[in-house]
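Notes follow the structure.
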Amino acid sequence: MRRPDFLTALTAAALAGMSPRAVAAAVPNGTRRILWLRRQGYGDEVQAPFCIDGKSVYEPGYREICWLMRDRNVPSAQGYVRIDIVEVEALWEVQQSLLLHGILAPLVITSGFRTLQTNEALENAARNSMHLYAKAADMYVPGVSMRDLFDACWYRAASGGMGYYSDHVHLDSGTRRWWVGDLAIPTFSVTASDG
Ligand SMILES: [Zn+2]
């Protein structure tokens, strides 16, 4: 016999009046997707369900995630945008694969959405960065090496762009590609000797 769907018993109307935290506690594990994020430098944290039925976006939780990932250098009217849901799912998948390795820790976001103004003020940011399109996150996880975090991104099912840096890993929802960000590449000086 089919197990009755929990969500048909717990109606959407009932869930609508509950805080994201309460919904996270009420909805069973199999159908909910909860992302645990912390923002570097600010310390605010969310454990927000962005999906509770396995298929559609749960707005209150999703908005908490977007709020945490906003551009903090500008007023929230410009800095708070909708983060690409594919990116949110990608972050969730990475967190899930870390969980499989017994790592229960938030993804610490060092950079989420960036306005043009913020991106241009950064020294090494790409001019056409995926952060501008709300499709990227820079992050680290306490107690996890950048290499292990990069590998967790690499081995998840639907990979986007991945950048490896000494203090963070970049993950975006663009096409699959990867790079090593701040490797010190030796410079070669070419001496003309053949006159
Ligand atoms: Zn980045």
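The values are calculated or read from the model by the stated rules, or taken from the named source; none is laboratory data. A quick note: this is a predicted structure, and the numbers were derived from the prediction, not measured. We place every Cβ from the backbone using ideal geometry, glycine too, and count neighbours over all the protein chains shown.
Here are the numbers:
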read-out: Answer from Arg127, Arg33 - the residue that is touching a Phe, Trp or Tyr at 6+ places or on another chain (Cβ under 8 Å) and not polar (S, T, N, Q); value: Arg33
read-out: First in the range 44-55 and farther than 13 Å from Asn29 by Cβ and touching a residue at least 12 places away in the same chain (Cβ under 8 Å), second anywhere and hydroxyl-bearing (Ser, Thr, Tyr) and buried (at least 16 other Cβ atoms within 10 Å of the Cβ), Cβ under 8 Å, 6 or more apart; value: Ala48/Tyr62; Phe50/Tyr58; Phe50/Tyr62
read-out: From the options Asp71, Asp138, residue that is in contact with a Gly (Cβ under 9 Å, 6 or more places away or on another chain), closer than 26 Å to Ser19 by Cα and either buried (at least 17 other Cβ atoms within 10 Å of the Cβ) or of a type in the set (Phe, Trp, Tyr) (or both); value: Asp71
read-out: Some residue of the range 54-61 being modelled with pLDDT under 95, in contact with a strand residue (DSSP E or B) (Cβ under 9 Å, 6 or more places away or on another chain) and at positive phi; value: yes
read-out: Residue list for the range 133-168, filter: in contact (Cβ under 8 Å) with a residue 40 or more places away in the chain and among the hydrophobic types (A, V, I, L, M, F, W, C); value: Ala134, Ala136, Ala137, Met139, Val141, Val144, Leu149, Ala152, Cys153, Ala157, Ala158
read-out: All positions within the range 160-177 that are in a loop (DSSP other than H, G, I, E, B) and more than 15 Å from the chain's Cα centre (by Cα); value: Tyr165, Ser166, Asp167, Thr175, Arg176
read-out: Total residues in the range 94-118, condition out of contact with any Pro (no Cβ under 6 Å at 6 or more places or on another chain), outside any strand (DSSP E or B) and either β-branched (Val, Ile, Thr) or surrounded by fewer than 20 Cβ atoms within 10 Å (Cβ to Cβ) (or both); value: 15
read-out: Tally, over the range 128-159, of residues that are within 13 Å of the ligand (Cβ to nearest atom), part of a loop (DSSP other than H, G, I, E, B) and within 19 Å of Arg39 (Cβ to Cβ); value: 3
read-out: Pair list, Cβ < 8 Å and 6+ apart or interchain, from the range 115-132 residues that are under 17 Å from Asp84 (Cα atoms) to residues that are away from the ligand (no atom under 13 Å from the Cβ) and of a type in the set (A, V, I, L, M, F, W, C); value: Thr115/Val74; Leu132/Leu116
read-out: Selected residue (criterion: modelled with the lowest pLDDT) from residues of the range 111-127 that are within 12 Å of the ligand (Cβ to nearest atom) and more than 25 Å from Trp36 (Cβ to Cβ); value: Asn124
